[in-house]
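These notes concern the structure reproduced below.
Where a number appears in this text, it was derived from the coordinates with a stated rule and is not lab data. It should be emphasised that the depicted structure is a prediction, and the values quoted were computed from it without experimental measurement. No Cβ is skipped: glycine too gets one built from the backbone with ideal geometry, and neighbour counts run over all protein chains shown.
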Amino acid sequence: MNQVVAEEHQVSETMSSDEISEISDAMSGSNEIVSDPNCFQHFVANGFCKIDQSSLETCIIETSVAQNLQVDKRARVVAIHKNMNNSRSWQIRAHSFAVSMKAVADKCGGGANPKYAWYGASLDEIREIVTHGFSWRMKAAADTHSISLSPAKHLLDSVLRSTVDESGLRHLLLCRVILGKQEVVIGDSSDQFHPSSSEFDSGVDDISAPRKYIVWNSRLNFSVFLCYIVSLDVPYLSGFKEATIMSLGHHG
């Protein structure tokens, strides 16, 4: 999971050290505004540890949020919880993910095309995923055959899929995703149960400029691994009706 530092470091290379420091200081200061809500206790109880505000991981994630959530300059990262769960179930998930990474890399004749991607949902769904992993969705959402995750530059799309909790926060999952060879999925992917052939490993809305990574339920257990929970305060969006908010996510 520490690989996030190596991959997301590319984000920070576009900014000077002074700019990164200013963003980090501003966001860290905002953490004092909101006291730890009950959901944080649930995260910690399930092996997700709140990471230090001064850590490199925090700085990189906060910088990425600042760069990719410019619709609201007041948006703040309130807390980041890292998956440190050593239970047998999470060890199995981590092992399955590693095995799948190697298998997809071998099949593709090179790399497995892993990426970090955002997943936004209601707090109730976030809690279930934290407790049971993404496989929970296969039972709870029988009419949905895949999930959609957002590339880093389209963080806003996942923010818009999230909901505000009783503390005024939105919670996003930062996941490691094995994309492998992708097939273009046109329109609504809800009717597609799996890749169209064994040649493909995941779906995408646009190969050249992806806005949506699609992972089918049949591959959730070994293609998506939850690394961080990022809790945000995005006050700009709170005053908009849903239709207006959704239109914001499709500009640019």
So if R0 is 41 Å, what FRET efficiency would Glu199 and Val44 give, r being the distance between their Cβ atoms, rounded to the nearest 0.05?
0.45
Could you work out how much longer the chain between Ser135 and Gln70 gets when fully extended? Use 0.36 nm per residue separation minus the Cα distance between them, nm to one decimal.
20.1 nm
Cα-based Rg then Dmax for the stretch 37-99, in Å, read 14.6, 41
Listed here are the pairs Lys82/Lys212; Lys50/Lys181; Lys107/Lys153; which of them are more than 26 Å apart at the Cα?
Lys50/Lys181; Lys107/Lys153
